[in-house]
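Contents: one structure, followed by commentary.
The values are calculated or read from the model by the stated rules, or taken from the named source; none is laboratory data. Everything numeric in this text was worked out from a predicted model, so none of it was measured. Cβ atoms come from the backbone with ideal geometry, glycine included; neighbour counts cover every protein chain shown. Surface accessibility is based on the protein's heavy atoms, side chains included, excluding ligands, DNA and RNA. Shrake-Rupley method; radii C 1.70, N 1.55, O 1.52, S 1.80 Å.
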Amino acid sequence: MSRWQKTGIGTVLALAILIAVLFSARIVLNNFFYPAAPPMPAVVSESMPQILARLESILKTNAPQVLAGLQPGLAAADVSKLEQQYHIQLPPELEALYEWHDGARSTTNYVGDDFIPIHRFLPLEEALGENAIISKGPATAVQRLAYRVLAGHRDSWISLFSDGAGDGYWFDPKRKAAEGAVFYNFNEDGDYVFFPSAKNLLAGIAKGYEQGIYRIKAGSSPPQLDEDFECSAKLWVEFGAGNRRD
């Protein structure tokens, strides 16, 4: 065997080892950045239409500006058309959500943009379109590799309620409901709250507005949403399960 043949074999082996190491690193990092859901509370007993009807009534009384900023709901056929266009299947609970209201209008009014404090309810087509763009990843080979290792787990995530900076409430069609397919993520500190169903998330939001945890800030002009963070942390323990134990 010539020196060049040995060099070629060595190069191939080195590349194979590097690929194996990167693949293993990606699995480890994905598990770190996107952990499995811990044991979650039971799914709430109300149906999604019941929860949404209750939420609408609460918003009408406690936060009418938020309700006024929501768009009309989509017809079931339009939801199905978007699912087919973007090759996605939403669970029935989320289909019901977009049939209730198709997200919030994009405005320059503080409350008009937010469904809950600092989080906008994205219209379905906008959310699916953003996901399609993000899932393509960066342009160069090095950027794509780094993206796959560090953030490839986010490819399938569909934004429900977004803070506009990559954090918020998400649905991952690659996870089953019992695995925490609906969740909150604050990427900067790796914080998650997993929900066993979208019903739990919306029931929690309804209770938040009902109890004044989410509220219109007194004296704000234009009106702004405010949040009692200490109470909201306790609220989500009732409806979901976080990945932190500190």
Original post:
Between a first residue in the range 154-168 that is at negative phi and of a type in the set (Asp, Glu) and a second residue that is modelled with pLDDT under 95 and surrounded by fewer than 19 Cβ atoms within 10 Å (Cβ to Cβ), which pairs have beta carbons less than 8 Å apart while being 6 or more apart in sequence or on different chains?
Top reply: Asp155/Ile134; Asp155/Ser135; Asp155/Gly137; Asp163/Ile118; Asp167/Phe186; Asp167/Asn187; Asp167/Glu188
Original post:
Of all residues in the range 158-175, which are assigned to a loop (DSSP other than H, G, I, E, B), open to solvent by less than 10 Å² (accessible area, probe 1.4 Å) and either modelled with pLDDT under 95 or touching a helix residue (DSSP H, G or I) at 6+ places or on another chain (Cβ under 7 Å) (or both)?
Top reply: Asp167
Original post:
Which of the residues spanning the range 224-242 are in contact (Cβ under 8 Å) with a residue 40 or more places away in the chain and open to solvent by 50 Å² or more (accessible area, probe 1.4 Å)?
Top reply: Gln224, Glu238
**OP:** Answer yes if at least one residue in the range 224-246 is among the polar types (S, T, N, Q), farther than 22 Å from Val44 by Cβ and out of contact with any helix residue (DSSP H, G or I) (no Cβ under 7 Å at 6 or more places or on another chain), and no otherwise.
**Re:** no
Original post:
Among Leu97, Leu124, Leu70, Leu52, which is closer than 18 Å to Asp163 by Cα and crowded, with 22+ Cβ neighbours inside 10 Å?
Top reply: Leu124
**OP:** Run Ala77 past the list (1) open to solvent by 40 Å² or more (accessible area, probe 1.4 Å); (2) small (Gly, Ala, Ser); (3) assigned to a loop (DSSP other than H, G, I, E, B) and report the number of the one that doesn't hold.
**Re:** (3)
Original post:
For the subset of the range 100-112 comprising residues that are buried (at least 19 other Cβ atoms within 10 Å of the Cβ) and not small (Gly, Ala, Ser), which member is modelled with the lowest pLDDT?
Top reply: Val111
Original post:
Hey, Ser156 hits all of (1) touching a Gly at 6+ places or on another chain (Cβ under 6 Å); (2) closer than 20 Å to Ala127 by Cα; (3) hydroxyl-bearing (Ser, Thr, Tyr) but one; which does it fall short on?
Top reply: (1)
**OP:** Within the range 190-223, track down each residue that is under 16 Å from Ile118 (Cβ atoms) and open to solvent by 20 Å² or more (accessible area, probe 1.4 Å).
**Re:** Asp191, Val193, Arg215, Ile216, Lys217, Ser220, Pro222, Pro223
Original post:
Pick from Gly242, Gly168, Gly190: which is farther than 25 Å from Thr61 by Cα and touching a His at 6+ places or on another chain (Cβ under 7 Å)?
Top reply: Gly168
